[in-house]
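The values are calculated or read from the model by the stated rules, or taken from the named source; none is laboratory data. Since we're looking at a predicted model, the values are computed, not measured. So basically every Cβ, Gly included, is an ideal-geometry build from the backbone, and we count neighbours across all protein chains shown. Each accessible area value is taken on the protein alone, full model and side chains, heavy atoms only, with ligands, DNA and RNA left out. Shrake-Rupley method; radii C 1.70, N 1.55, O 1.52, S 1.80 Å.
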Amino acid sequence: MYKGIYAEKKTFSKFDNEHYLCYLNEQREEYSPEPDARSGEVTEPVSAPILGYAYTGSMADGGTLIEAREATYDEFVSGLIRTRYSASRVEAIQSNRMIAFVNPEHERASEFISEWDDFQSYREQCKKQADALING
């Protein structure tokens, strides 16, 4: 995981035709602006650390790249889920949950239910993140 700290709040930006770069896990954090890599100048005068916005994600700038063709709630929920669970993994979790539902005495039923609960918890987290990104 990488961390990026910025003077201004970030949400998301279009990366290419099939991806968006989202800024998640926002925290307020003090930091000292660093010189611009090209010019060597600090863009903001600083006498002491300032309060900025910190983000953590899989990209070097602290962002998280998700699959999404449009900046919509549904696309962002799906894209965020896919950062942890592939479509085939979701299908397996759903199938396993059905096994546990139909046959509660199955030797792995409790494992399948736990796996389902973990997935649902992450899905709810993704919904909250997508709502925050889209609706501010």
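For the chain, the longest principal axis of the alpha carbon atoms and the long axis of helix 87-102 meet at an angle near 40°.
The modelled label-to-label distance for the pair Asn17/Lys3, using points 7 Å beyond Cα in the direction of Cβ, is 3.8 nm.
Per residue, the chain reaches -13000 deg cm²/dmol at 222 nm when only DSSP H runs of four or more residues are counted, each adding -39500 (n - 2.57). Dipole orientation for the chain: of the candidates Gln94, Gly4, Asn17, Gln94 has the Cα lying most toward the positive pole (charges on Cβ; Lys, Arg +1; Asp, Glu -1).
Binning all Cα-Cα separations of the range 42-136 at 10 Å, short to long from zero, yields these whole-percent fractions: 14, 32, 25, 17, 7, 3, 1.
How large, in percent, is the carbon and sulfur part of the accessible surface of the chain at a probe radius of 1.4 Å? Its accessible area is 47 percent carbon and sulfur atoms.
Can you give me the accessible area per residue for the chain, using a 1.4 Å probe, in Å²? Working shown, then result.
Numbers: 8990 Å² over 136 residues.
Roughly 66 Å² per residue, with all protein chains present.
Judged by the mean number of other Cβ atoms found within 10 Å, the most tightly packed of the peptides 7-16, 58-67 leads the ranking 58-67, 7-16.
Length gained on full extension, His106 to Asp131: 5.2 nm, using 0.36 nm per residue less the C-alpha separation.
Look at the alpha carbon pairs under 8 Å that are at least 6 residues apart: their mean separation over the length of the chain gives a relative contact order of 24 percent. Extension gain, Glu26-Glu91: 0.36 nm per intervening residue step, less the Cα-Cα distance, totals 20.3 nm.
Seen against the Cα atoms of the chain and their longest principal axis, helix 109-135 is set at about 30 degrees. Rounded to the nearest 20, the Cβ-based charge dipole of the chain about its Cα centre (Lys and Arg +1, Asp and Glu -1) stands at 120 debye.
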